[in-house]
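Right, one structure below, let's go through it.
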Amino acid sequence: MAEQAVKWEVKNGIGIITLNRPDKRNALNGDVLEGIRKSFSDLNVNREARVILLQGAGPSFSAGIDFNYESTVMHDDGRPEGVNIRDGIDVIQTILNRIERIEKAVVVKIQGFCGGLGLELALTADFRIACESATLGVPEIILGTIPDCGGTTRLTRTLGPARAKELIMTGDMIPAKRAYEIGLIHQICPDDRLEETTQAFLTKLSQKSPLALGLAKRAVDWGVGMDKMRHMDIEGSSKAF
């Protein structure tokens, strides 16, 4: 029987989602994407899961899109040129957008390689914690394309246009130390303390009111790009509880 591509469970108030293709460096294919969708949907309504951890099994968080899966998405299905590709991108974007809108704090634990679609997935989280040996980036430009599942949008909102362009247009994979310096990750720690550091942060979040965490996330995320007064309206309406 094939191993489950994504596993999830709840332990001590923490919903844990694990990408489970370590032999493929957790490359994202159709099975993994569907597992991500199901796991977040399940934990979203699970009252025992106060916060959510996303992690990858094995030495890497995620190598990005599985090229075999990508080739099936790009396969000519008889429709006008590009429609199938845009549909495939829309499927992935919908899954990633849903993660971002869940009213629970989401934390990503990053080790090893975190690139391409793997980083775009990590960018949907509220917090990113990486070990010192991790490398992060969006190397799509090397293949003659761009990150099209949130890379240009979420990176720009996270880092600002200048830093986002630097990563996107060079395709460089940067070390965790540099990622921390530019604000791509929130915490960095020695490799042998990644689990400990992540658990400590998850415990801190899990001790907060889940309702307040969700409303804070909603108020901040929805207010990005708005003028001050409209943002304050969102902030005020969040006090309805």
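The values are calculated or read from the model by the stated rules, or taken from the named source; none is laboratory data. Model, not experiment: these values are computed from the prediction. Glycine also receives a Cβ, built like all others from the backbone with ideal geometry; neighbour counts cover every protein chain displayed. All accessible areas refer to the heavy atoms of the entire protein, side chains included, with ligands and DNA or RNA removed. Shrake-Rupley method; radii C 1.70, N 1.55, O 1.52, S 1.80 Å.
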Sequence-distant residues sharing a close amide H with R128 (under 5 Å, placed H): V108, H186, Q187
No solvent, one uniform scatterer per C-alpha: report log10 I(q)/I(0) for the stretch 1-130 via the Debye equation at q = 0.09, 0.23 1/Å, two decimals. -0.25, -1.42
The chain: most fluctuating residue of P22, P161, P59 per GNM, C-alpha cutoff 10 Å: P161
Counting only residues 5 or more places away or on other chains, whose amide H sits under 5 Å from the amide H of I65 once H atoms are built in the peptide plane? L28, L117, G118
Is the shape of the stretch 172-214 rounded, prolate or oblate, going by the alpha carbon gyration tensor and its root eigenvalues a ≥ b ≥ c, with a/c under 1.5 for rounded and a/b larger than b/c for prolate? oblate
Along the stretch 123-128, Karplus-curve 3J(HN,Hα) (6.51, -1.76, 1.60; θ = phi - 60°) to the nearest Hz, with x for Gly and Pro, reads 5, 6, 7, 7, 9, 10
Among I95, N68, G223, which residue has its Cα furthest toward the positive end of the charge dipole of the chain, with +1 on Lys/Arg Cβ and -1 on Asp/Glu Cβ? G223
Quick one: length gained pulling N97 to S209 fully straight, 0.36 nm per residue minus the C-alpha distance? 38.0 nm
Rolling a 1.4 angstrom probe over the protein heavy atoms, how many square angstrom per residue are accessible across the chain? 53 Å²
Which one of G137, G160, G64 has the biggest mean-square fluctuation once the chain is modelled by GNM with Cα springs under 10 Å? G160
Keeping the other protein chains in place, figure out the carbon and sulfur percent of the accessible area of the chain, with a 1.4 Å probe. 53 percent
With n ≥ 4 as the cut-off for DSSP H runs, can you work out [θ] at 222 nm for the chain, using -39500 (n - 2.57) per run divided by the number of residues, rounded to the nearest 500? -14000 deg cm²/dmol
Among all the lysines, which ones have a C-alpha under 30 Å from K24's C-alpha, if same-chain residues fewer than 8 places away are not counted? K7, K11, K38, K104, K109, K165, K177
How far, in nm, would the chain grow between D23 and R47 when pulled straight, counting 0.36 nm per residue and subtracting the alpha carbon separation? 5.3 nm
In the Gaussian network model of the chain, springs joining C-alpha atoms below 10 Å, which of A164, A49, A212 carries the largest mean-square fluctuation? A212
Return the sequence-ordered ³J(HN,Hα) values of the stretch 184-199 in whole Hz as given by the Karplus equation 6.51 cos²θ - 1.76 cosθ + 1.60 applied to θ = phi - 60°, using x for Gly and Pro. 6, 10, 8, 9, 10, 8, x, 3, 6, 10, 4, 4, 4, 5, 5, 5
Taking amide hydrogens as modeled 1.01 Å from N in the peptide plane, which residues meet the under 5 Å criterion relative to G58, leaving out close sequence neighbours? none
State the antiparallel share, in %, of DSSP beta bridges confined to the chain, rounding to the nearest 5. 25 percent
Normalised alpha carbon radius of gyration of the stretch 62-216 [divisor 2.2 N^0.38 Å]: 1.11
In debye to the nearest 20, how big a dipole does the chain give about its Cα centre with +1 on each Lys and Arg Cβ and -1 on each Asp and Glu Cβ? 960 debye
For the stretch 126-215, count the residues as N, evaluate 2.2 N^0.38 Å, and divide the Cα radius of gyration by that value, please. 1.25
